[in-house]
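Notes for the one structure printed next.
The values are calculated or read from the model by the stated rules, or taken from the named source; none is laboratory data. Owing to the predicted nature of the structure, the values given are computational and were not obtained by experimental measurement. Counting neighbours? That spans all protein chains shown, and the Cβs are built from the backbone with ideal geometry, glycine included. SASA here: full protein model, heavy atoms, side chains in, ligands and nucleic acids out. Shrake-Rupley method; radii C 1.70, N 1.55, O 1.52, S 1.80 Å.
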Amino acid sequence: MKFPLSLLKQFLTTDASLEKISETLTAIGLEVDAIEDKSTELKPFVVAEILEASRHPQADKLQVCNVRAAQGELQIVCGAPNARAGIKVALANIGTVIPTNGMEIKKAAVRGVESQGMMCSARELGLGEDHAGIIELPADAVIGTSIVDVLGLGDPVLDINVTANRGDCMGVAGMARDLAAAGLGEFVYNQPPAIAGEGDTYEIKLEDTDCPVFYGRIVRGVKNGPSPEWLQRTLTAAGMRPISALVDATNFGTLAYGRPSHVYDLNKLKGALVVRAAKDGEQLAALNEKTYTLTPR
């Protein structure tokens, strides 16, 4: 189970070092398999601004960009469809190594036009799966500043081996509670506020005896869209792919509280919501755009 240190500290007030937290987790039966820190490998990637973008004379799908960097203006050839004047980007200067493939950026001629660096996508930096375009940074980001500081990436990620008998620690809140009990700080339980229901219900049928209870709640007036940047960063650090505000909220609930949940579009449901085991050969189109063939357990 992976989670960023910042999420743990939402539930635990402590001055303990990362090393001490790691030692204590292992001592109480929550073995730390690894600690990842992207700040070192991503420190060289800096903020730059595209001043001008024009079509490459020899390639319709490439653009020649005039980019303002800390050391001055650079010419960079870019194939990203969202490359345009006025946006702040993540720049890899010459000599910088791309963390996901080990490629060192060099001055090169791309279809006869010199390119003096590279503007990076989220996938190239290991920050997500998006590679359709380059990262667009906040408009107020200061040119030359490391993206680690701009995107809050100086946040170590702990990878914990949670054994099957520790269901109480399948969420970060449970780990924080045990760390507090071990004397490492004060537990802070962020209880969500109670929200009154509207009184309407929807039928749920339990046909699986291994699922003793299944709760549902109708929520109206919800507008879906991208989730907040902090939430996307948290899920990405935990190895999850941000999808939308509603889906991301349920994944955050699972990660933080160990309470798996799902969102359904009420307008698309027909008949009762049935909870059962899969039938042999049934197929499921998942949110990762893959289709899975299922089998009974």
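Observations
Listed here are the residues, each with its yes/no results for (1) in contact with a Gly (Cβ under 8 Å, 6 or more places away or on another chain); (2) more than 17 Å from ASN161 (Cα to Cα).
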site: MET1; (1), (2): no, no
site: LEU8; (1), (2): no, no
site: THR14; (1), (2): yes, yes
site: SER17; (1), (2): no, yes
site: SER22; (1), (2): no, no
site: ILE28; (1), (2): no, no
site: GLU31; (1), (2): no, no
site: ILE35; (1), (2): no, no
site: SER39; (1), (2): yes, yes
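- SER39 satisfies every condition listed in (1) over 28 Å from the mean Cα position of the chain (by Cα); (2) under 21 Å from MET103 (Cβ atoms); (3) hydroxyl-bearing (Ser, Thr, Tyr) except (1).
- Pairs are defined by a Cβ separation below 6 Å, a sequence spacing of at least 6 or placement on different chains, a first member in the range 266-289 that is more than 27 Å from THR201 (Cα to Cα), and a second member that is outside any strand (DSSP E or B) and open to solvent by less than 60 Å² (accessible area, probe 1.4 Å); the pairs so defined are GLU282/LEU294.
- Given (1) at positive phi; (2) open to solvent by 40 Å² or more (accessible area, probe 1.4 Å); (3) in contact with a Pro (Cβ under 9 Å, 6 or more places away or on another chain), index of the condition GLY128 fails: (2)
- Filtered residues of the range 194-210 (kept if of a type outside the set (Asp, Glu) and either touching a His at 6+ places or on another chain (Cβ under 7 Å) or modelled with pLDDT of 85 or more (or both)): THR201, TYR202, ILE204, LYS205, LEU206
- Of all the criteria given as (1) touching a residue at least 24 places away in the same chain (Cβ under 8 Å); (2) touching a Ser or Thr at 6+ places or on another chain (Cβ under 8 Å), the one not satisfied by GLY258 is (2).
- Residue in the range 45-65 that is among the basic types (Lys, Arg) and either within 22 Å of PRO138 (Cα to Cα) or in contact (Cβ under 8 Å) with a residue 24 or more places away in the chain (or both) present: no
- Considered as a group, the residues in the range 18-33 that are in a strand (DSSP E or B) and open to solvent by 40 Å² or more (accessible area, probe 1.4 Å) include one that is farthest from MET175 (Cα to Cα), and that residue is ASP33.
- Residues of the range 167-186 classified as in contact with a helix residue (DSSP H, G or I) (Cβ under 8 Å, 6 or more places away or on another chain), open to solvent by 40 Å² or more (accessible area, probe 1.4 Å) and under 14 Å from ILE21 (Cα atoms), total: 3
- Number of positions in the range 42-85 that are in a strand (DSSP E or B) and either out of contact with any helix residue (DSSP H, G or I) (no Cβ under 9 Å at 6 or more places or on another chain) or among the polar types (S, T, N, Q) (or both): 27
- Within the range 86-112, the set of residues being outside any loop (DSSP other than H, G, I, E, B) and surrounded by 14 or more Cβ atoms within 10 Å (Cβ to Cβ) comprises LYS88, VAL89, ALA90, LEU91, ALA92, VAL110.
- Subset of the range 188-244 that is open to solvent by less than 60 Å² (accessible area, probe 1.4 Å) and in contact with a Lys or Arg (Cβ under 8 Å, 6 or more places away or on another chain) - its residue that is nearest to LYS268 (Cα to Cα): GLY197
- Of all residues in the range 151-163 being in a loop (DSSP other than H, G, I, E, B) and modelled with pLDDT of 90 or more, the one that is surrounded by the fewest Cβ atoms within 10 Å (Cβ to Cβ): THR163
- Test result for SER115, in contact (Cβ under 8 Å) with a residue 24 or more places away in the chain, under 15 Å from PRO99 (Cα atoms) and open to solvent by less than 20 Å² (accessible area, probe 1.4 Å): no
- For VAL46, the criteria (1) under 26 Å from the mean Cα position of the chain (by Cα); (2) open to solvent by 60 Å² or more (accessible area, probe 1.4 Å) hold in every case but one, which is (2).
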